[in-house]
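What follows is a short report on a single structure.
The values are calculated or read from the model by the stated rules, or taken from the named source; none is laboratory data. Here the structure is a predicted model, which is why all the values come from computation and not from measurement. Glycine gets a Cβ as well: all are built from the backbone with ideal geometry, and neighbour counts include every protein chain shown. Note: areas computed on protein heavy atoms with side chains; ligands, DNA, RNA excluded. Shrake-Rupley method; radii C 1.70, N 1.55, O 1.52, S 1.80 Å.
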Amino acid sequence: MSNKTVLDLQKMKAGNQRIAMVTAYDATMARLVDQGGADMVLVGDSLGMVVQGHSDTLQVTLDHMVYHGQCVARGLEAAHLTVDLPFMSYQVSPEQALVSAGRLVQEGRAQSVKLEGGVRSAPAVRRIVEAGIPVVGHVGLTPQSVNAFGGFRVQGRGDAGAEKLLADALAIQEAGAFCIVLEMVPAELAAEVTAALDIITIGIGAGVECDGQVLVCNDLLGFDTSFKPRFVKRFAELEAPIVSAVSEYVGEVRSGTFPASEHAFHRRKGPSKVKRLYGGRSAK
Ligand code: KIV
């Protein structure tokens with residue numbers, strides 16, 4: 001099997017087939033979401049929060065993204081691999097954006113790269129696309145601008161915000177992106193933007209009318225029950241079974257019931273060399 005291409009994804013949109021995107025940050029999770037049938041796997045800079053434990057994505061570097069791209073690529077057989085350009089790896093100039101995107105493809109094995117921002121990021125998108133690298137845009141709540149937004153808030157609620165969001169999405173399409181993420185925008189606005197664009201829209205907290213959806217794997221699987229924004233649906237509740245499995249393991253280690261005989265390696269039949277040399281005596 002080979003990984004889905006941009007063309008495969010565009011055919012899905014043309015055939016009104018919805019696209020399922022999931023994040024992954026390592027080879028094991030990549031293998032599992034690939035087997036689950038995800039069409040696109042995103043190595044999101046959300047790894048700053050869910051893997052590195054930060055409260056935002058701003059500490060993530062290009063080296064981190066390259067490393068996690070490599071890990072995820074090893075676990076994928078069928079899904080398309082998109083890797084995020086992290087904060088300050090593309091904002092300086094279109095040239096900087098191209099060099100960073102090139103690293104994600106060449107070293108991080110990305111098939112496409114994602115970057116945040118609308119009108120202001122359009123020159124970077126254009127430069128990357130001109131070099132033959134497919135780009136996914138990202139508008140609405142763009143977490144790398146969390147300090148400018150004053151928190152993780154819904155975007156585009158009023159008329160002015162809605163107009164700006166549509167203008168941003170059109171600018172990214174015009175610059176050559178093949179796909180765009182709409183994050184935390186009213187469902188009605190996401191539907192209008194999807195109708196206005198020819199490129200694929202992927203929603204997160206943006207209602208059902210987008211061409212596809214994305215969720216962070218840790219949210220989808222319920223790894224952290226203390227985190228439950230409105231747009232997350234947990235398709236499993238894995239926090240409790242994981243904690244309980246580890247606590248059972250800890251109990252068995254302490255009581256000496258693990259490892260049992262079947263988990264240990266045993267000598268072949270006959271006396272060992274140690275026994276032959278020293279008999280029953282200590283080898284000291
Ligand atoms: O970093 C990320 O995981 C993302 C998705 C939530 C869209 O950008």
Scanning the range 100-115 for residues that are within 14 Å of Phe178 (Cα to Cα), part of a loop (DSSP other than H, G, I, E, B) and open to solvent by less than 10 Å² (accessible area, probe 1.4 Å) gives Leu115
Selection over the range 50-73 where residues are in a loop (DSSP other than H, G, I, E, B) and either acidic (Asp, Glu) or open to solvent by 20 Å² or more (accessible area, probe 1.4 Å) (or both) yields a count of 9
Among Leu47, Leu9, the single one that is modelled with pLDDT of 95 or more, open to solvent by less than 10 Å² (accessible area, probe 1.4 Å) and in contact with a helix residue (DSSP H, G or I) (Cβ under 7 Å, 6 or more places away or on another chain) is Leu47
Scanning the range 157-168 residue by residue, those part of a helix (DSSP H, G or I) and of a type in the set (Gly, Ala, Ser) turn out to be Ala160, Gly161, Ala162, Ala167
Filtering the range 82-114 for residues that are hydrophobic (A, V, I, L, M, F, W, C) and in contact with a Gly (Cβ under 7 Å, 6 or more places away or on another chain) leaves a count of 3
Expected single match for modelled with pLDDT of 95 or more, part of a loop (DSSP other than H, G, I, E, B), buried (at least 19 other Cβ atoms within 10 Å of the Cβ) and small (Gly, Ala, Ser) among Ala30, Ala38 is Ala38
- prompt: Residue check: is Val154 open to solvent by 60 Å² or more (accessible area, probe 1.4 Å), aliphatic (A, V, I, L, M) and in a loop (DSSP other than H, G, I, E, B)?
  reply: no
Review point. Does the range 233-253 contain any residue that is open to solvent by less than 80 Å² (accessible area, probe 1.4 Å), under 19 Å from the mean Cα position of the chain (by Cα) and within 14 Å of the ligand (Cβ to nearest atom)?
Key: no
(message) Based on this model, can you work out whether Val146 counts as over 26 Å from Gln96 (Cβ atoms) and either away from the ligand (no atom under 15 Å from the Cβ) or assigned to a helix (DSSP H, G or I) (or both)?
(response) no
- Query: Is it the case that Phe178 is surrounded by fewer than 24 Cβ atoms within 10 Å (Cβ to Cβ) and either in contact (Cβ under 8 Å) with a residue 12 or more places away in the chain or among the hydroxyl-bearing types (Ser, Thr, Tyr) (or both)?
  - Reply: yes
All-but-one check, Val125 against (1) in a helix (DSSP H, G or I); (2) surrounded by fewer than 22 Cβ atoms within 10 Å (Cβ to Cβ), failing number (2)
Output for Cβ contacts, cut-off 9 Å, separation at least six or different chains, first residue in contact (Cβ under 8 Å) with a residue 12 or more places away in the chain in the range 253-270, second outside any helix (DSSP H, G or I), reads none
Within the range 128-142, of all residues that are touching a helix residue (DSSP H, G or I) at 6+ places or on another chain (Cβ under 7 Å) and over 15 Å from Val181 (Cβ atoms), the one most open to solvent (accessible area, probe 1.4 Å) is Ala131
Taking the range 232-265 and the residues there that are part of a loop (DSSP other than H, G, I, E, B) and aromatic (Phe, Trp, Tyr), the one that is nearest to Val33 (Cα to Cα) would be Phe235
Expected single match for within 14 Å of the ligand (Cβ to nearest atom), more than 22 Å from Glu209 (Cβ to Cβ) and modelled with pLDDT of 95 or more among Gly53, Gly69, Gly75 is Gly69
When the range 74-99 is checked residue by residue, the ones that are open to solvent by 10 Å² or more (accessible area, probe 1.4 Å) and either out of contact with any helix residue (DSSP H, G or I) (no Cβ under 6 Å at 6 or more places or on another chain) or part of a helix (DSSP H, G or I) (or both) are Arg74, Gly75, Met88, Gln91, Val92, Ser93, Pro94, Glu95, Gln96, Leu98, Val99
By my count, strands (runs of 3 or more DSSP E) wholly in the range 169-225 with at least 2 residues that are within 30 Å of Val243 (Cβ to Cβ) are 212-215
